[in-house]
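*Asks:* I'd like to ask some things about the structure below.
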Amino acid sequence: QVQLVESGGGLVQPGGSLRLSCGASGSIFVFNTMGWFRQAPGEQRELVASITRGGSTNDADSVKGRFTISRDFAKNTVYLQMNSLMPDDTAVYFCNAKLGLEDTWGQGTQVTVSS
């Protein structure tokens, strides 16, 4: 089974940027959709952005115009470029890969937006 490892989280000031990476142990081409979810303390996990094998993307309304998802098949990596970060973006960010009804998750990376 392909494993996913996130990186790139950290502490950033409001208005700043971060780029998250999700590296896969195998080919990401097999997955129908890959995406980023986030979960803040006491909140449910929510979809942030997703990208299909064909390249179609879907962004949550709260991040439209600020976050961009992309992927590099050669590097088996999915990225989340986050700009204009706000305190409400503080959460653990998880990488997800879907193949049919099967979900694969990474361990998560913490993003904290604070001055």
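*Asks:* Probe radius 1.4 Å, ligands and nucleic acids left out: which of Arg45, Arg19, Arg38 has the largest accessible area, and how do the rest follow? List each step's numbers first, then the result.
*Replies:* Numbers: Arg45 90, Arg19 130, Arg38 20 Å².
Of Arg45, Arg19, Arg38, the descending order of accessible area is Arg19, Arg45, Arg38.
*Asks:* Mind checking the dipole of the stretch 6-70: about its Cα centre, +1 per Lys or Arg Cβ, -1 per Asp or Glu Cβ, Debye to the nearest 20?
*Replies:* Value, rounded to 20: 140 debye.
*Asks:* Now for a different question. In the stretch 1-109, which chymotrypsin sites (Phe, Trp or Tyr not before Pro) are in a loop and have at most 12 other Cβ atoms within 10 Å, using DSSP for the loop call?
*Replies:* Phe29, Phe73
*Asks:* Which value in nm describes the separation of the simple spin-label points at Thr57 and Ser115, placed 7 Å from the Cα toward the beta carbon?
*Replies:* The modelled label-to-label distance comes out at 2.9 nm.
*Asks:* Principal axis extents for the stretch 1-53, Cα atoms only, whole Å, descending order, please.
*Replies:* Reported extents, whole Å, longest axis first: 36, 22, 18.
*Asks:* May I ask which residue of Ser25, Asn58, Thr90 lies farthest towards the positive end of the charge dipole of the chain, with charges of +1 (Lys, Arg) and -1 (Asp, Glu) on Cβ and the Cα centre as origin?
*Replies:* Ranked along the dipole, the leading option is Ser25.
*Asks:* Treating the beta-carbon of each Lys and Arg as +1 and of each Asp and Glu as -1, no other charges, what is the dipole magnitude of the chain about its Cα centre, to the nearest 20 debye?
*Replies:* Dipole size: approximately 300 debye.
*Asks:* If the chain were replaced by its equivalent ellipsoid, with semi-axes equal to the square roots of 5 times the Cα gyration tensor eigenvalues, what would those be, largest first, whole Å?
*Replies:* Numbers: eigenvalues 104, 37, 34 Å².
Semi-axes from the Cα gyration tensor: 23, 14, 13 Å.
*Asks:* Suppose each label sits 7 Å from its Cα in the direction of the beta carbon; what would the Ala40-Ser70 distance come out to in nanometres?
*Replies:* 2.8
*Asks:* Charges at C-beta only: +1 for Lys and Arg, -1 for Asp and Glu. How large is the resulting dipole of the stretch 39-86 about its Cα centre, in Debye rounded to 20?
*Replies:* Approximately 200 debye in magnitude.
*Asks:* Using the heavy atoms of the protein chains and a 1.4 angstrom probe, tell me the accessible area per residue for the chain in square angstrom.
*Replies:* 52
*Asks:* Something else about it: Using alpha carbons only, how many angstrom separate the centre of the stretch 66-115 from the centre of the stretch 1-35?
*Replies:* The distance from the Cα centre of the stretch 66-115 to that of the stretch 1-35 comes to 5 Å.
The values are calculated or read from the model by the stated rules, or taken from the named source; none is laboratory data. Please read these numbers as outputs of a predicted model, since none were measured by experiment. Glycine gets a Cβ as well: all are built from the backbone with ideal geometry, and neighbour counts include every protein chain shown. The protein model used for the area step is the full one, side chains on, heavy atoms only, and it has no ligands, DNA or RNA in it. Shrake-Rupley method; radii C 1.70, N 1.55, O 1.52, S 1.80 Å.
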